[in-house]
Amino acid sequence: MSDILYASAVIACASFSQSVSGVGFAMVATPFLLTIMNVKDAVLIGFSMAWLSQIVIVYRHRSAIHPQMCFNFVFGSAVGAPFGLWIFSASSFDSLKLIVCVALFSIALYSLCTICRNWRTIDRTVSYRLLQQEASTLWDIKEFLRWGRSGRVQLIVGSIAGFFGASIGMPGIPLTVYFNTLNVEKDVARSTSLAFFIVLLGATLAMNWWVGTISPRVLAMAPWLIPAVLIGMVVGNLVFPHIPQRWFQLTLNMILLYSGCKIFVDYLGMP
């Protein structure tokens, strides 16, 4: 029972983080869940609870999804994920963690400097702001066939997300960088990234179910953690509308820094 209470607190915090920023569930949940369960169970619990949270949030805020951007991310991830799996199986995991750690710190520090420099103008210069009528027209199949420069960049970002998801389980890192760089409007950033994660995590969970890697402990614990997901999600949704765009960008970068620190600590083998 104590493990369930501890896991519930962790999942509630992770669900809150995802509701506010659109990313960060696995980054917040996995390190703490590892103290009470093995790596495989911790990852699968995080994936299943994140997937549930994403479905509910996206359903409530589906009008803010940018369809073409989401499609480009998904299509790109299908290219990057197999390469990530190959790197994961062929390379030293410690070396991979060190490379990702250095990249995270470099990206986060650069983004933080940019945010500080543009602190007063961020709220007025957001991109990809969608109106209700514009969002509906973007679902037209003709829109998906228009490959401009932004579409090619999104494909690359999706490929990197697929690579990171397959290799270290953190596909949200390149999306965070992309949203920060373009100052994507927070509603669009959150809903689009979560819609992308639904596809990615859904496929991952389906594959794990197919090969039988979901343990009885995960199946027994998961239903007890659902209330924690809902609590964190409700609180996060109440807070989200009151977060200015610049604080949203700052939150994303703090999640990046946290991830970099956690990976670095794991690399050093510290408890």
message: Where the second residue is assigned to a loop (DSSP other than H, G, I, E, B) and at pLDDT below 80 and the first is farther than 21 Å from Trp51 by Cα and lies in segment 232-245, which pairs have Cβ atoms under 6 Å and are six or more apart or on separate chains?
response: Gln245/Val126
- request: Restricting attention to segment 232-248, report how many residues are in contact with an Asp or Glu (Cβ under 6 Å, 6 or more places away or on another chain) and surrounded by fewer than 16 Cβ atoms within 10 Å (Cβ to Cβ).
  value: 1
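Name every residue in segment 29-49 that is in a helix (DSSP H, G or I) and of a type in the set (A, V, I, L, M), in order of residue number. Break it down into steps so the answer makes sense when it comes.
The initial filter retains those residues of segment 29-49 that are in a helix (DSSP H, G or I), namely 29-33, 39-49.
Once the filter is applied, which keeps residues that are in a helix (DSSP H, G or I) and of a type in the set (A, V, I, L, M), segment 29-49 yields Ala29, Leu33, Val39, Ala42, Val43, Leu44, Ile45, Met49.
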message: Please go through (1) buried (at least 24 other Cβ atoms within 10 Å of the Cβ); (2) closer than 23 Å to Leu250 by Cα for Met49 and return the number of the only condition it doesn't satisfy.
response: (2)
- prompt: In the list Ala228, Ala220, Ala195, Ala189, which residue meets the criterion of being surrounded by fewer than 18 Cβ atoms within 10 Å (Cβ to Cβ) and either hydrophobic (A, V, I, L, M, F, W, C) or touching a residue at least 60 places away in the same chain (Cβ under 8 Å) (or both)?
  reply: Ala220
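The values are calculated or read from the model by the stated rules, or taken from the named source; none is laboratory data. Because the structure is a prediction, the values reported are computed rather than measured. Positions of Cβ are generated from backbone atoms using ideal geometry, with glycine treated the same way; all protein chains shown enter the neighbour counts.
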